[in-house]
Amino acid sequence: MEIGGADAMVTPRNWLAEAIATFCLVFFGPLSVILAVVAFGDGLTVEGIIMISLGHGSAIALMVYAFGHVSGAHINPAVTIPMMITKKIGIADGIGYIVFQIIGAIVATASLAAIFPVIGKEVFWGAHGGPSELINNNIMSALALEIIFTFFLVTVIYMVAVHKKAAAGIHGITIGGMVFVLHLIGVPLTGASMNPARSFSPALIAGDAGLWEVQWLYWAGPIIGGIIAGLIMNYVYVNKAEKEA
């Protein structure tokens, strides 16, 4: 499967696919956060972190299998932007993807807010609140981590879903597995965003000033990490395979 080739015909149906897939991530991922609080308390328990990691990783894996052949299942502006830069998707289509990813995310969080107005608000419907005490609440450390996390997420996407010689049928489980690992490690540190749409919608619905103060972190880190990975993987590995094909 190639994610969103620039020469592929892209229609609003593809944008809708991105909205649906992003809705799935931003509904079930944060719902796992809400349920982890109910089941294991509001501290960083091992069980809670595993539940949250599974919630996000599974949602991504299943949506990649469901919509990968339709839109490429980017589900993330930090994936779409490097795809635009490396010409795997056209600029106009890429903008459409990002807009609909954000729309899907907002509708998902609004749905959670309507269904879980009390318990959901305790965790701001899965919002990312900035660097944790484990990294001394250091914003630059959090930025570096988000760059590294997203670098490896986008690296996996390019190498298993874009690379011409990647083994068939492994993209969903591999990308979902990477999301699982990144959440397992990243949740206690930065909240593990790697996705501006995923971070933006809970902050928007919650309307909390503290969330908005750190919102830039969850845009800058993932986008920078995604672009670095996209450029390296595309021009060092993917292009070479395309020329040999």
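Observations on the structure shown:
- Helical mean residue ellipticity (222 nm; -39500 (n - 2.57) per DSSP H run of 4+; nearest 500) of the chain: -21500 deg cm²/dmol
- A crude spin-label estimate for the pair ALA66 and ILE232, with each label 7 Å from Cα along the Cβ direction, gives 3.2 nm.
- Contour excess over end-to-end distance, with Cα ends at ILE85 and THR45 and 0.36 nm allotted per residue: 10.4 nm
- Distance from region 159-236 to region 103-151 (C-alpha centre basis), Å: 12
- Spin-label pair ASN239/ALA114, simplified geometry with 7 Å Cα→Cβ offset, distance in nm: 4.7
- Remark: ASP208, ASP93, ASP42 ranked as ASP42, ASP208, ASP93, counting other beta-carbon atoms within 10 Å and listing the fewest first.
- Acute angle (nearest 10 degrees) that the helix 46-67 long axis makes with the longest principal axis of the chain, alpha-carbon atoms: 30
- In plain terms, the chain from GLU122 to ILE173 could stretch by 15.2 nm, reckoned as 0.36 nm per residue minus the Cα-Cα distance.
- Cα pair distances exceeding 25 angstrom across region 64-209, given as percent: 33
- Local electrostatic count, LEU35, Cβ distance below 13 Å [Lys/Arg +1, Asp/Glu -1]: -3
- Gain upon complete extension [ASN136, ARG13; 0.36 nm per residue less C-alpha separation]: 39.8 nm
Bear in mind these aren't lab numbers, they're just calculated from the coordinates by the rules spelled out. As the structure is a computational prediction, the values presented were derived from the model and not from experiment. No Cβ is skipped: glycine too gets one built from the backbone with ideal geometry, and neighbour counts run over all protein chains shown.
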